[in-house]
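The structure appears right after this line, and notes come after that.
The values are calculated or read from the model by the stated rules, or taken from the named source; none is laboratory data. Since this is a predicted model, take the numbers as computed values, not measurements. With ideal geometry, Cβ positions are generated from the backbone for all residues, glycine too; neighbour counts draw on all protein chains shown.
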Amino acid sequence: MTLAEYRRKRGEPVLTEEHAEEHTEKHPGVLEYTQIGLILFVITAIEVGIYYVGLGFNTLVVSLLVLSLIKFTLVVAWFMHLRFDNKLFMTLFITGLFTALIVFTVVIAALHGQLV
Amino acid sequence: MAAGTAHLETSTGLDNRKLLMWLFLGSECLFFGSFIAAYVLYRGHSTTGPYPEDLVDIPFTSVSAFVLLMSSVSMVLALASIQRGNVRNMQIWLFTTAILGTLFIAGQAYEFTEFHHEGLSLSANLYGTTFFVLTGFHGAHVTIGVLILMSLFTYSLRGGIQQKDSLNIELAGLYWHFVDIVWIIIFTLVYLIQPQ
Amino acid sequence: MSDVIRRLRANAPRLVPALILLALVVLLLSGCETDTPQNTFAAEGEVARKQRDLFYWAMWPAIGVMILVIGGIIVMCLRFRERDPNSLPPRQLEGNTPLKLTWTVVPAIMLLALGVPMVAMIWDLGADPSPDAYVINIEAQRYSFSFIYPEIKDAKGNPLILDGLQDPHIPVGKQVAFHLKSNDVIHSFWIPRLGGKLDVVPNNDNVLWLKADKPDTFHGECAEYCGIDHATMKMLIHADAQEDFDKWANEELLQLNATPAPKPSKSASVTPTPAGSATIAPTPTATPQGTGG
Amino acid sequence: MATIAAPRTSPLAQALRDTRAAAEHNPILNWLATVDHKKIGVLYGVSSFVFFCLGGIEALLMRAQLARPGANVLTADEFNRLFTMHGTTMVFLVVMPMSAAFFNLMIPLMIGARDVAFPRLNAFSYWTFLAGAIFLNASFFTRNIFGGELGAPDGGWFGYAPLNLRAFTPGHGMDFWALGLNILGIASLAGGFNFIVTILNMRAPGMTLFRMPVFVWMTLVTSFLIIFAMPVIAVALFELTFDRFFGANFFNPAAGGNPLLWQHMFWLFGHPGVYILILPAFGIISEILPTFSRKPLFGYPFVVFSGIAIGFMSWGVWVHHMYTTGLGTVANSAFGISTILIAVPTGVKVFNWMGTLWGGSIRFRAPMMFAIGTVAMFTIGGLSGVTHSMVPSDYQQQDTYYVVAHFHYVLFGGAIFGLFGGMYYWFPKFTGRFLNERWGHVHFWLMLIGFNLTFFPMHMSGLLGMPRRIYTYPSDYGWNLWNLMSSVGAFTIALSVLIFMINFLYSIRRGKEAGDDPWDARTLEWTIPSPPPHYNFAEIPVVHSRDEFWHRKYQEDAQGNVVPVIAGAAHAPEVAHGDGDGHGGAHGDGHGIHLPSPSFMPLIAALGFPFIAVGLIYDYALVPVGATLLIVGLYGWALEPATEEE
Ligand code: HEA
Ligand code: HEA
Ligand code: CUA
Ligand SMILES: [Cu+2]
């Protein structure tokens, strides 16, 4: 008997377990994956394009960061299935990611470095 | 890659190994975060050349980045195949992914030697130090990934991976995609954005 | 023998902790305000005084909490000890929300009362030295502090350099701004009776200002572990009244003009002294020109 | 199961299977190949205790040198190496692995599981730890120790840059330090992952998160801190390794490197690190105090949430170790405030422990003495921590003996006292015998007195301006008496530890028989026989409440008075049929329970690390040897079935 079954039997709230069974067969198919791949390709092309267009430094940096963030999110959400999977995985990953982001931003700021 | 279905009944309903993998990736965020922080802190602070603007070859690196990105696509297709029970396709995509990964490594090896010829070494300046170590550790991750993929591929040739074992592919995939997103960040921060 | 042990054991829970607590507090108090060379309580400068007062501001509540907690534990141990080994368990009290909120909120308020003056003092002491401060450039290397006086210059414009063998002097009654620069590893510049320390970090030049109340001799010491002779990286600073200080400066100047050439100088990176040297080797200091701070 | 592993017929596979089978019977192979969490726990415990003695002897040598001004017991160089090794040993080879010992021994028993989630990863974690620990201590021999030259690292336990670079610490000591700590980091990481998965996934039916014993909670928080903090120091050490071995410039000021980067990275690990050291002890005493007060932990949710809060807040205070580096007023103010605030959740814990005593019926058995001692001594250390957090006055105390006093109060008075409490408490579970009670009390009082005698005077010497890490001091600074007291105290502690060791060795054979539930305790581990069978639970229990076992023994009547459950009157404890292995419940004797088979692969893989490390330092030829061991171990691990079929 799993904890989830046990809880359901006793009518207790089931916490993280509720998603357990869901994640089968809801995966996107080949078509979606290829589409995402195409989008990723296009964004990369745009990034390189922007690099050569010669925008002002700040515009360049901001647009590059935004674009790579989109790529990052696409891969994580679709290829790594975080969008469909149990929220616990998302929580764990985001915790690591944000801890890293925040503490190292502070470190660099405290050492009077530039972020970009 | 033992432990098949027996442990599927867990308190959270989540597979032990998959949980482990996500914890590992969360932890890796801090690992790569640390290297990236050192790079960012020191960018533009090298006291002598060669400087990044003298070296980076954007067209070349763009191709590498593209190769790695596409390997992520083939990886996820391998997973999609095995989840539908198509071992043959899975093998093809797995092999493609490994080949693309190897290409990326080869590109990196080429780039490292080029840079070295231009006088950038680990000890040349801060740029050399942070660049080689950051991209080197990433490359090491890719290499390990290729090894894992090739092992899975060989294993599957012997019939070791069926639809019910798709978790093995999923886990390798998670690792592989993670290595890819790290490169997405590196490509932007280390190559495209140059200090003024 | 075993009787003694038994009696001791019976009484120990009551006596020993109380005795220890008492001894601890007495110990703590007995150390204050004695006149030893590096006593941080025996402040003789504005900075050290403020820091000591802030320490008291935190120490007394801390002692209060300590007595509360440990005293409370002792009282409970006496009051609630099991009297009958065969008794049933007592009532199963699981918690008391108002109580729990109290001991979350009250310490938070106490700590705020610590935080406010703390932040105020950080900004007070962290302010730039006043414009009329007397500037001394400090160069630290294993294992000595060099004092460089940019305001005491010889005919050729070279400043006075004291390289750790002669005792440095400072004027009293005004801020002295120490510009700290390291030639090798991290050191920490500390003159306890004048004020807290500040690290001397390569590539991160820091400025520390201190102010001596009255003429006296102060002991200072490197406070960051820096290698084999860290323990003996010390200095003795003479604080002089302004006229005495000027007199000393003039004498030094005469001497400086009398000596022919400046010492052989060395570039910023200093090769490490071979491990095992047990003396305070006067390491050559950096070029006089490179001491802008 | 991956039954299609290595081809069944190959002689190699057959040989491997035979070795595994042999490991079931041969007593030595049995320990080398064990994947049983209880045995791994014992291995962890014994090893870390050996290192405790080693670190303690290093401390005694230092105290002998410092007992009098101008003493000549040690040279400056020896002293520097000893405090570096003492600090490193106590933190990485004593408190962390000793906590891991308790995780291993207790977690599966407390959550009602038969093993951890990844038994072989667990074994790997231990062997890697042992390899790293031995490697680190081998550094004593990097110079001709028999000719009177002590090797070992000499950069201090936090190895500040640029002193840690080859130009300033020549010799191989710091090489061993950097590589050794990285090996130990791998061990901790493996353990951290394993326990998170175990706690989240392996709980018995009914064991919801908020029914878990507090020790399990604290293990969970600690493990999270480990997996997020360890990578940071790993990277710092990698960078140091590149600087030292390959001329990289991360911390080289001459090339523009910033030595403060090292400090940030070290303390970014180091501060979460100190809570990694203390939270397990907090968990242990949160089990002991209720048992011997005979009432539940006061404010369980508060204790749990404050533990989680401490975990989060520990990420926002690291700069308090760097107040004097000149980071500026903004950074110092922000981190000063955050450091002060961390006293709030810690205070919540302390007060709830006191609330647990309140209204109890307290039995002063040896474990309880240590638990109470922990609360009291930790509070003193915590409060001196608060005085440290006051930035401007810390400019005076930083790097003095006042810091040394603070952290020994929290580390020894908190962590070590708590861990000793755990040893007295759970010793009967694993041996079936009590540790001698009387000598336990002698140990406690002697240690308490010796401890305060050693470390309280250090507040004084610190405030009187005595810097830490000095091998000698002049006689006219007013430090003599305090140092003498510290030295006398240190030897008193040593005596008390000796008493414990004798007690332990005696009791393990001759101690009073304890039975399954000697303390009238509250949690699941006491429901099973002492010592536990290798399968832990013949039937996986079903949990209905926090303090499950207590509720099987007692109930409250209408007035809230406690009455025993009359045998037979209440329903028999429910068990989960169809347990995790899918083999159905075993019947009393544990037949039919399939446990993972022993495996040599973790040991083989772990052996690779010291080869690689030694190779990097002395001869690159060893690196491929180590790598091969590692790879062979990992492949064997992946390919062999977790459980051999009979
Ligand atoms: C187990 C390890 C451990 C723990 C738990 C702590 C806990 C704390 N530490 Fe400590 N610390 C170390 C281990 C630890 N420390 C080590 C090893 C070093 C030195 C490293 C080195 O330099 O080598 C160090 C150094 C250190 C410094 C740097 C000193 C310096 O070098 O200048 C500071 C500064 O702020 C500090 C602060 C604190 C604080 C505020 C806490 C708090 O978490 C304490 C909170 C607890 C309490 C406050 C007591 C209980 C609370 C109450 C009873 C509530 C009521 C209280 C009030 C209202 C005040 N510590
Ligand atoms: C958990 C951590 C921990 C523990 C338990 C201890 C325990 C002790 N420490 Fe520790 N200490 C540190 C962590 C710890 N320390 C750290 C991190 C540092 C900083 C290092 C640095 O600056 O880099 C430090 C630094 C430090 C210093 C400062 C050195 C300096 O700055 O110059 C001193 C000085 O007295 C000291 C003393 C002691 C003593 C006397 C004990 C005693 O309590 C030890 C008690 C144990 C024993 C005495 C062992 C008994 C063994 C036996 C009886 C076995 C006998 C057997 C045979 C002979 C076979 N320690
Ligand atoms: Cu200079 Cu210590
Ligand atoms: Cu800290």
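Restricting attention to the range D:310-336, the residues being more than 15 Å from A:I102 (Cβ to Cβ) and within 11 Å of ligand 1 (Cβ to nearest atom) number 9. The set of residues in the range D:306-325 being within 14 Å of chain C (Cβ to nearest Cβ) and hydroxyl-bearing (S, T, Y) consists of D:S306, D:Y323, D:T324, D:T325. All conditions but one from (1) buried (at least 20 other Cβ atoms within 10 Å of the Cβ); (2) free of Cβ contacts under 8 Å to residues at least 40 places away in the same chain; (3) hydroxyl-bearing (S, T, Y); (4) within 29 Å of D:A627 (Cα to Cα) apply to B:S81; the one that does not is (4). The residues of the range A:58-88 that are within 12 Å of the chain's Cα centre (by Cα), in contact (Cβ under 8 Å) with a residue 40 or more places away in the chain and assigned to a helix (DSSP H, G or I), listed by number, are A:W78, A:F79. Taking the listed residues A:E22, A:E32, A:E12, the one that is within 22 Å of the chain's Cα centre (by Cα) and at pLDDT below 85 is A:E22, with no other qualifying. When the range C:209-231 is filtered for residues that are closer than 14 Å to D:T324 by Cα, within 15 Å of ligand 3 (Cβ to nearest atom) and part of a strand (DSSP E or B), only C:C222 remains. Kindly indicate whether A:G96 is part of a helix (DSSP H, G or I) and under 26 Å from D:A236 (Cα atoms). Spelling it out, A:G96 is indeed part of a helix (DSSP H, G or I) and under 26 Å from D:A236 (Cα atoms). Take the residues in the range D:333-363 that are more than 7 Å from chain C (Cβ to nearest Cβ) and aliphatic (A, V, I, L, M); name whichever of them is farthest from ligand 4 (Cβ to nearest atom). Going through the qualifying residues, I end up with D:A334. Taken as a whole, the condition of being at the interface with chain C (Cβ under 9 Å from one of its Cβ atoms), crowded, with 24+ Cβ neighbours inside 10 Å, β-branched (V, I, T) and away from ligand 4 (no atom under 16 Å from the Cβ) applies to D:I380. Residue-level check: of (1) away from every other protein chain (no Cβ under 11 Å); (2) more than 21 Å from D:P392 (Cβ to Cβ); (3) surrounded by fewer than 20 Cβ atoms within 10 Å (Cβ to Cβ), C:N203 misses just (1). Scanning the range B:168-186 for residues that are under 16 Å from B:F31 (Cβ atoms) and more than 9 Å from every other protein chain (Cβ to nearest Cβ) yields a total of 5.
As a summary of the residue check, D:V330 satisfies the conditions (1) more than 16 Å from ligand 2 (Cβ to nearest atom); (2) touching a residue at least 40 places away in the same chain (Cβ under 8 Å); (3) more than 7 Å from chain C (Cβ to nearest Cβ) except for the one numbered (2). For the condition more than 20 Å from D:L357 (Cβ to Cβ), modelled with pLDDT of 85 or more and within 16 Å of ligand 1 (Cβ to nearest atom), C:M76 does not qualify.
Mind listing just one residue for me: the one in the range C:175-194 that is in contact (Cβ under 8 Å) with a residue 60 or more places away in the chain and away from ligand 1 (no atom under 16 Å from the Cβ) and, of those, nearest to C:D128 (Cα to Cα)? Write out each step before concluding.
Filtering the range C:175-194 down to residues in contact (Cβ under 8 Å) with a residue 60 or more places away in the chain leaves C:179, C:181, C:183-184, C:192-194.
Of the ones still in play, those that are also away from ligand 1 (no atom under 16 Å from the Cβ) are C:179, C:181, C:183-184, C:193-194.
Numbers: C:H179: 11, C:K181: 17, C:N183: 24, C:D184: 26, C:R193: 21, C:L194: 17 Å.
So, considering only residues that are in contact (Cβ under 8 Å) with a residue 60 or more places away in the chain and away from ligand 1 (no atom under 16 Å from the Cβ), the one nearest to C:D128 (Cα to Cα) is C:H179.
Out of D:I233, D:I337, one residue alone is within 16 Å of ligand 2 (Cβ to nearest atom), farther than 27 Å from D:M423 by Cβ and free of Cβ contacts under 8 Å to residues at least 60 places away in the same chain. It is D:I233.
I need the helices (runs of 4 or more DSSP H) fully contained in the range D:67-145, keeping only those with at least 2 residues that are away from ligand 3 (no atom under 16 Å from the Cβ), touching a Gly at 6+ places or on another chain (Cβ under 7 Å) and over 20 Å from D:A490 (Cα atoms).
Numbers: elements: D:76-88, D:96-111, D:119-138.
In the range D:67-145, D:96-111, D:119-138 are the helices (runs of 4 or more DSSP H) which contain 2 or more residues that are away from ligand 3 (no atom under 16 Å from the Cβ), touching a Gly at 6+ places or on another chain (Cβ under 7 Å) and over 20 Å from D:A490 (Cα atoms).
Answer yes or no: is there a residue in the range D:53-64 that is over 18 Å from D:R468 (Cα atoms) and in contact (Cβ under 8 Å) with a residue 12 or more places away in the chain. Within the range D:53-64 (the criterion being over 18 Å from D:R468 (Cα atoms) and in contact (Cβ under 8 Å) with a residue 12 or more places away in the chain), the answer is yes, since at least one residue qualifies.
State whether one or more residues within the range C:227-240 are away from ligand 1 (no atom under 16 Å from the Cβ), closer than 23 Å to C:D35 by Cβ and more than 20 Å from the chain's Cα centre (by Cα). Yes, the range C:227-240 has at least one match.
Of the residues D:S507, D:S487, D:S496, which single one is more than 23 Å from D:Q396 (Cα to Cα), touching a Leu at 6+ places or on another chain (Cβ under 6 Å) and within 14 Å of ligand 2 (Cβ to nearest atom)?
Values: D:S507 fails: within 14 Å of ligand 2 (Cβ to nearest atom); D:S487 fails: touching a Leu at 6+ places or on another chain (Cβ under 6 Å).
After ruling out the rest, the residue left standing is D:S496.
Exactly one residue out of D:F251, D:F245, D:F176 is crowded, with 24+ Cβ neighbours inside 10 Å, touching a residue at least 60 places away in the same chain (Cβ under 8 Å) and either polar (S, T, N, Q) or within 12 Å of chain B (Cβ to nearest Cβ) (or both), and it is D:F251. Within the range C:129-149, residues that are basic (K, R) reach partners that are crowded, with 24+ Cβ neighbours inside 10 Å and part of a strand (DSSP E or B) with beta carbons closer than 9 Å, at six or more positions or on different chains, in the pairs C:R142/C:H187.
Here D:I57, D:I28 are screened, and the one residue that is surrounded by fewer than 16 Cβ atoms within 10 Å (Cβ to Cβ) and either within 14 Å of chain C (Cβ to nearest Cβ) or within 16 Å of ligand 2 (Cβ to nearest atom) (or both) is D:I57. Does C:D84 satisfy the criteria of being in contact (Cβ under 8 Å) with a residue 12 or more places away in the chain and surrounded by fewer than 17 Cβ atoms within 10 Å (Cβ to Cβ)? Spelling it out, it is not the case that C:D84 is in contact (Cβ under 8 Å) with a residue 12 or more places away in the chain and surrounded by fewer than 17 Cβ atoms within 10 Å (Cβ to Cβ).
Return yes when C:D163 is within 14 Å of another protein chain (Cβ to nearest Cβ) and among the acidic types (D, E) and no when it is not. Give the steps one after another, and end with the answer.
Working: within 14 Å of another protein chain (Cβ to nearest Cβ): no; among the acidic types (D, E): yes.
Here the answer is no, as C:D163 does not meet what is asked.
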